[in-house]
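The values are calculated or read from the model by the stated rules, or taken from the named source; none is laboratory data. Note that the coordinates shown come from a computational prediction; the quantities given were computed from them, not determined experimentally. Note that each Cβ is placed from the backbone with ideal geometry, even for glycine, and that neighbours are counted across all protein chains shown. Only protein heavy atoms, including side chains, enter the accessible area calculation; ligands, DNA and RNA are left aside. Shrake-Rupley method; radii C 1.70, N 1.55, O 1.52, S 1.80 Å.
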Amino acid sequence: MGGWSRRAVAVLGAVIAVAAAPAVPAAGHGGRQPIPDAAYYRADLAAVTPQPAGVGVRVDPGGEWIEITNAGPAEVIVLGYSREPYLRITATTVQENQLSQTTYLNRSMFADTLPAGQDPTALAPAWRTVGAKGTARWHDHRIHWMGQARPAAVEADPRHPHPVGDWTVHATAGGQPFTITGRLRWLGKPDADGDRIPQWLLLSLEAAGIVVLLGVGLLTRRRRRDPDPRVTSGAVAAPATDGTAARPG
């Protein structure tokens, strides 16, 4: 079955499911819409330069989180999107700067709760302890694709892998800067041809599915409403016989 055929069947199935199921509210992380095709992007860790003693870094391949573990003697400060102090990590504690704009941006896609009117890099950090094991894991928008539309190269050829771009997270260890760098790539979507179905065809299929459902509903109600005419007339025709009794074979 071709890609467009699978999509057509899916559309008809969706029409039937919507007609049969009650409406439910949609939910999302921080009120943001999910990024289309998120499962087909991959975040890779490339390097930690220079590598601080006792500091380990991990990245979720799906781009959901980045993690730093500090088992060394130096205090690690992760810098936010404006290069402001965002996280402070030691071997025994993790603290988050409550005046960092990154703190709020990582919780929501909307910026209506951000501290306003001041340079975030000029504010003295307001640290709040959020962990006690020397490991910080957080959602960071720098390591995943943020657009609702695909990158140009991916849009032109979604079936094959493509590099999307490089990402960098800045930090310090004992006051000495170091960088965490990585790459974002598109894996390729094997059934991407199905995404190219003309919109008019999808709308036509949806309309056809609705018409079918209405027709089935009307036919069912008519059958329930119209009784068997043989019953309402008070007589049921008897089967014709030739006068001989039926005998077992």
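What to note about this one:
- Segment 128-153, residues that are among the polar types (S, T, N, Q) and loosely packed, with under 14 Cβ neighbours inside 10 Å: T129, Q148
- Selection within segment 71-92 - in contact (Cβ under 8 Å) with a residue 40 or more places away in the chain, crowded, with 17+ Cβ neighbours inside 10 Å, over 19 Å from H141 (Cβ atoms) and of a type outside the set (V, I, T): G72, A74
- Residue in segment 124-133 that is under 26 Å from the mean Cα position of the chain (by Cα), part of a strand (DSSP E or B) and closer than 15 Å to V78 by Cβ present: no
- The number of residues in segment 154-169 being open to solvent by 50 Å² or more (accessible area, probe 1.4 Å), in contact (Cβ under 8 Å) with a residue 24 or more places away in the chain and over 21 Å from the mean Cα position of the chain (by Cα) comes to 2.
- Answer residue from segment 36-51, given it is farther than 30 Å from P73 by Cβ and assigned to a loop (DSSP other than H, G, I, E, B) and is least open to solvent (accessible area, probe 1.4 Å) among those: D37
- For segment 170-195, a residue qualifies if it is in contact with a helix residue (DSSP H, G or I) (Cβ under 8 Å, 6 or more places away or on another chain), part of a loop (DSSP other than H, G, I, E, B) and open to solvent by 30 Å² or more (accessible area, probe 1.4 Å), and the qualifying residues are L187, D191.
- Residue within segment 137-148 that is aliphatic (A, V, I, L, M), closer than 25 Å to G63 by Cα, part of a strand (DSSP E or B) and modelled with pLDDT of 80 or more present: no
- Test: R223 is more than 30 Å from L79 (Cα to Cα), of a type outside the set (A, V, I, L, M), at pLDDT 65 or above and part of a helix (DSSP H, G or I): yes
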